[in-house]
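K.L.:
Pasting in a structure now, in structure tokens, and then I'll have a few things to ask.
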Amino acid sequence: MIEDDLRAAFVRHEPLAPSTGALRAAIDRLAATRRRRRQRFQVAGVTLALLAALGVGVPQLRPDRPAADSLLPGQPADSLSLNILLVGVDGFGEDPPSRLADSILLVHIPADRSRPYLISLPRDLEVSVPGRGIDKINTAFFGGAGQPRPDLDAGYDLTRQVVADLTGVRVDAGAVLTFTGLRRITEAVDGVEVCLPNEVRSWHSRRVFPAGCQRLDGAASVDLLRQRRYLPDGAFDRDRNAQRYVAGLIRRAVAQDVLSNPVRLTALVSAAGKDLTVDDDGLPLTRLLRVLPELKNVEPVGLSLPVGPPAGSAARLRLDPKQGPAFLAALSEDRLAQWVAQHPGQVNAVR
């Protein structure tokens, strides 16, 4: 009897219940959008990495919201310069994990699409870090990533904010990089040729990298790009070697037609596997990819932010009072070609 009454009550009230169709459809649309977003920007992640990898892998690509505003519909893609931030974290995935950004590279693509510029920002550069006051720039990732397990996304966000404040330029896209992805991508292109001006001896493995050009596999590339202890200029030389690796990776990608061949690009994405995770914040992928074939010269120009000598017991670096502001003005005004012509001695040889 009670069961019959309950059944009858459900029948009477069922028409009053709101339909779940709209909610289910919304959930399905959201899930599909997220899947498409991840797939789209996996391709963008590898493309950006090939364009400007620091030499330390590819797990986290983040196009940033300002780029969506800057690349407006109807506005020519070649009317704007682009800036891509690459943050290298040595030791992520280890226990305990590293949360300091050992390599920070800003890739500038001028509006005339002449060639890419790779600008290394010294990890010991003294800057203002929100929440930490005046500190080294590599602590921005630490402050954002948190603990006990670092959040790459949050670490990148704070680093991007600091770099944008320092340079005065819009950061259109970026990635947090680790060594695992580097090994896999290097192997996927059958090694990368790196040209060294001097011999490098590995402090970690005792491997010797002779002066001159040599093809490096994934393990050797990681080994080289970790070195700074035996190098005359320490971390500065490590940054220059990262730029040389980038140049070799770009040449290899062009030679294998990776950037313009969707099949080969997809294969490279698959090779990165779980070490390529991405998050779209609004940068139109089609506009970003359209820029790549427009480059008149894919050979990058390696530069370092002009800094003065180390100051204080913490060996912090400060922007060179003369060349630093002039360099940043040239960057923000898209005049790096003229600056390079006036300061040829500041160019880092990448071949």
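K.L.:
Give ARG251, ARG244 a once-over and let me know the one that is modelled with pLDDT under 95, more than 18 Å from GLY88 (Cβ to Cβ), charged (D, E, K, R) and assigned to a helix (DSSP H, G or I). Outline the logic, then answer.
P.N.:
Values: ARG244 fails: more than 18 Å from GLY88 (Cβ to Cβ).
Of the residues listed, the single one that is modelled with pLDDT under 95, more than 18 Å from GLY88 (Cβ to Cβ), charged (D, E, K, R) and assigned to a helix (DSSP H, G or I) is ARG251.
K.L.:
So, of the residues in the range 161-179 that are within 13 Å of the chain's Cα centre (by Cα) and under 14 Å from HIS108 (Cβ atoms), which turns out to be modelled with the highest pLDDT?
P.N.:
Taking the candidates together, the pick is VAL163.
K.L.:
Continuing with this model, one more query. Among the residues of the range 70-112, what is the count of those that are outside any strand (DSSP E or B), at pLDDT below 85 and touching a strand residue (DSSP E or B) at 6+ places or on another chain (Cβ under 7 Å)?
P.N.:
Within the range 70-112, residues that are outside any strand (DSSP E or B), at pLDDT below 85 and touching a strand residue (DSSP E or B) at 6+ places or on another chain (Cβ under 7 Å) number 2.
K.L.:
Restricting attention to the range 199-236, which residues are in contact with a Ser or Thr (Cβ under 7 Å, 6 or more places away or on another chain) and surrounded by fewer than 16 Cβ atoms within 10 Å (Cβ to Cβ)?
P.N.:
Scanning the range 199-236 gives a single hit, ASP217.
K.L.:
Report whether or not GLU193 is in contact (Cβ under 8 Å) with a residue 60 or more places away in the chain, within 23 Å of GLU299 (Cα to Cα) and not hydrophobic (A, V, I, L, M, F, W, C). It would help to see each step written out before you state the result.
P.N.:
Numbers: in contact (Cβ under 8 Å) with a residue 60 or more places away in the chain: no; within 23 Å of GLU299 (Cα to Cα): yes; not hydrophobic (A, V, I, L, M, F, W, C): yes.
Answer is no for this residue.
K.L.:
Tell me, yes or no, whether the range 134-151 has at least one residue that is over 21 Å from LEU105 (Cα atoms) and of a type in the set (Phe, Trp, Tyr).
P.N.:
Keep residues of the range 134-151 that are over 21 Å from LEU105 (Cα atoms), which gives 146-149.
Right, trim to of a type in the set (Phe, Trp, Tyr) and you get none.
No, the range 134-151 has no match at all.
K.L.:
Still on this structure, I have one more. Quick one: which of LEU303, LEU265, LEU288, LEU328 is assigned to a helix (DSSP H, G or I) and at pLDDT 90 or above?
P.N.:
Numbers: LEU303 fails: assigned to a helix (DSSP H, G or I); LEU265 fails: at pLDDT 90 or above; LEU288 fails: at pLDDT 90 or above.
Going through LEU303, LEU265, LEU288, LEU328 in turn, just one is assigned to a helix (DSSP H, G or I) and at pLDDT 90 or above: LEU328.
K.L.:
Only one of (1) at pLDDT 90 or above; (2) assigned to a helix (DSSP H, G or I) fails for CYS195. Which number is that?
P.N.:
(2)
K.L.:
Still on this structure: Restricting to the range 207-225, what's the tally of residues that are in contact with a strand residue (DSSP E or B) (Cβ under 6 Å, 6 or more places away or on another chain) and of a type in the set (A, V, I, L, M)?
P.N.:
Here the count works out to 4.
K.L.:
Looking at the structure I just gave you, is LYS296 modelled with pLDDT under 90, part of a loop (DSSP other than H, G, I, E, B) and basic (Lys, Arg)? Give the steps one after another, and end with the answer.
P.N.:
On the way: modelled with pLDDT under 90: yes; part of a loop (DSSP other than H, G, I, E, B): yes; basic (Lys, Arg): yes.
Considered against the rule, which asks whether it is modelled with pLDDT under 90, part of a loop (DSSP other than H, G, I, E, B) and basic (Lys, Arg), LYS296 comes out as yes.
The values are calculated or read from the model by the stated rules, or taken from the named source; none is laboratory data. Everything numeric in this text was worked out from a predicted model, so none of it was measured. We place every Cβ from the backbone using ideal geometry, glycine too, and count neighbours over all the protein chains shown.
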